[in-house]
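S.K.: Can you keep this structure in mind? I'll have questions shortly.
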Amino acid sequence: MNRRSFLAASGALGALPFAPGLAGASVPPRPDREYLEWIHYVLPVGAKRNRVAAFYHDVAIPALNRLGLDRIGVFTVAYGPNSPSLYVLIPHPSLDSVLNTPARLLDDDTFRQAGAEVIDPPLDDPAFVRMESSLMAAFTEMPRVERPPEPLMQAGSRIYELRIYESHSLVAARKKVQMFNEGGEIPIFRRTGLTPVFFGETLVGPAMPNLTYLLVFEDMAARDRSWEAFRNDPDWKTLSADPYYKDTVSNITDIILRPAPFSQI
């Protein structure tokens with residue numbers, strides 16, 4: 001398999017095209033701001049269901065780590081879409097990394113050979129039903145993916161909450177991002193126990209314009225307590241009453257995830 005067929009046909013690890021929207025991010029770049037590749041795999045039922053997860057455990061994560069990429073997250077769905085799914089998070093230090101990582105992986109003989117079952121299967125034996133990818137820019141007030149504190153990482157019951165906030169217009173979407181950044185919503189999250197893993201402004205992906213974030217909790221009971229504390233927080237009540245931020249979110253998607261045993265976050 002040559003490099004052209006790898007990029008054009010397999011789409012392994014969500015190789016993404018770039019659009020003019022990348023230049024229109026609502027906040028300025030900063031050197032430590034990461035770009036977040038978020039991949040959703042819809043999996044087949046039956047024995048083939050675990051093929052993609054095994055690929056990440058045995059092949060993809062070690063190869064990505066060899067390239068200097070870390071904090072790779074792999075998640076299954078606890079509460080959300082009914083179809084068997086796998087979600088993958090890959091933080092990148094630059095757009096160059098996003099663009100060139102697939103080719104760099106292909107230059108890794110171990111990756112190419114050991115991962116052939118997923119990146120180059122025959123037509124009648126695909127590894128997944130379909131996949132879709134998003135590319136996000138991390139928020140300026142949280143420019144890097146944060147690995148959960150060690151006590152949470154050791155909690156066998158820990159869960160992650162993925163939330164996607166869609167907006168009806170580009171202006172509304174920009175205001176909602178500002179609400180988290182300049183408005184101070186992220187510190188309120190942290191203070192009330194809503195521990196973030198990342199906040200991302202979606203640059204390429206479905207259901208745009210939107211922002212996406214991921215939270216981590218010890219368990220569902222801790223999640224419920226933290227959201228209750230957030231709703232009752234005086235600073236949140238003041239911020240949410242600001243007319244500048246009115247009508248900035250038109251739809252919310254909420255999915256509860258569980259980490260794969262080998263997930264690095």
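The values are calculated or read from the model by the stated rules, or taken from the named source; none is laboratory data. Just so you know, these numbers come straight off a predicted model, no measurement behind them. Quick reminder, even Gly has a Cβ in these numbers, built from the backbone with ideal geometry, and neighbours come from all protein chains shown.
S.K.: Yes or no: THR248 exposed (fewer than 13 other Cβ atoms within 10 Å of the Cβ), among the polar types (S, T, N, Q) and not in a strand (DSSP E or B)?
M.R.: Details: exposed (fewer than 13 other Cβ atoms within 10 Å of the Cβ): no; among the polar types (S, T, N, Q): yes; not in a strand (DSSP E or B): yes.
So THR248 does not fit the description; no.
S.K.: Right, something else. With the requirement that a residue be small (Gly, Ala, Ser) and outside any helix (DSSP H, G or I), what does region 104-146 give you? Steps first, please.
M.R.: Restricting attention to region 104-146, the residues satisfying the condition of being small (Gly, Ala, Ser) are 114-116, 127, 133-134, 137-138.
Hits for region 104-146 are GLY115, ALA127, SER133, SER134, ALA137, ALA138.
S.K.: Same structure again: Could you tell me how many of the residues in region 73-88 are surrounded by 15 or more Cβ atoms within 10 Å (Cβ to Cβ) and out of contact with any strand residue (DSSP E or B) (no Cβ under 6 Å at 6 or more places or on another chain)?
M.R.: Going through region 73-88, the residues surrounded by 15 or more Cβ atoms within 10 Å (Cβ to Cβ) turn out to be 73-77, 80, 84-88.
Next cut, out of contact with any strand residue (DSSP E or B) (no Cβ under 6 Å at 6 or more places or on another chain) only: 84.
Of the residues in that region, 1 qualify.
S.K.: Identify all residues within region 219-247 that are of a type outside the set (A, V, I, L, M) and touching a strand residue (DSSP E or B) at 6+ places or on another chain (Cβ under 8 Å); write none if there are none.
M.R.: ASP219, ARG223, SER226
S.K.: Modelled with pLDDT of 95 or more, hydrophobic (A, V, I, L, M, F, W, C) and surrounded by 19 or more Cβ atoms within 10 Å (Cβ to Cβ) - does that describe any residue in region 218-225? Even if it seems obvious, please write down each step before you answer.
M.R.: Narrowing region 218-225 to residues modelled with pLDDT of 95 or more: 218-225.
Filter once more, so that each one left must be hydrophobic (A, V, I, L, M, F, W, C): 220-222.
From the residues that got through so far, the ones that are surrounded by 19 or more Cβ atoms within 10 Å (Cβ to Cβ) too are none.
Looking through region 218-225, none of the residues is modelled with pLDDT of 95 or more, hydrophobic (A, V, I, L, M, F, W, C) and surrounded by 19 or more Cβ atoms within 10 Å (Cβ to Cβ).
Yes or no, residue by residue, for (1) of a type outside the set (Gly, Ala, Ser); (2) without any contact (Cβ under 8 Å) to a residue 40 or more places away in the chain; (3) assigned by TED's automatic domain parsing to the domain that holds ILE90; (4) touching a Cys at 6+ places or on another chain (Cβ under 9 Å):
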position	(1), (2), (3), (4)
PRO121	yes, yes, yes, no
SER133	no, no, yes, no
ILE164	yes, no, no, no
ALA173	no, no, no, no
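S.K.: Cβ-Cβ under 6 Å, sequence separation 6+ or interchain: first residue in region 84-95 and part of a strand (DSSP E or B), partner acidic (Asp, Glu). Which pairs?
M.R.: ILE90/GLU37; PRO91/GLU34
S.K.: Suppose we keep only residues that are under 18 Å from the mean Cα position of the chain (by Cα) and at pLDDT below 95 within region 80-120. Which one would you say is nearest to PRO148 (Cα to Cα)? First the steps, then the outcome.
M.R.: Keep residues of region 80-120 that are under 18 Å from the mean Cα position of the chain (by Cα), which gives 80-81, 84-95, 97-99, 101-102.
Imposing the further condition that a residue be at pLDDT below 95 reduces the set to 80-81, 84.
On the way: GLY80: 22, PRO81: 25, PRO84: 25 Å.
Once the filter is applied, the top-ranked residue is GLY80.
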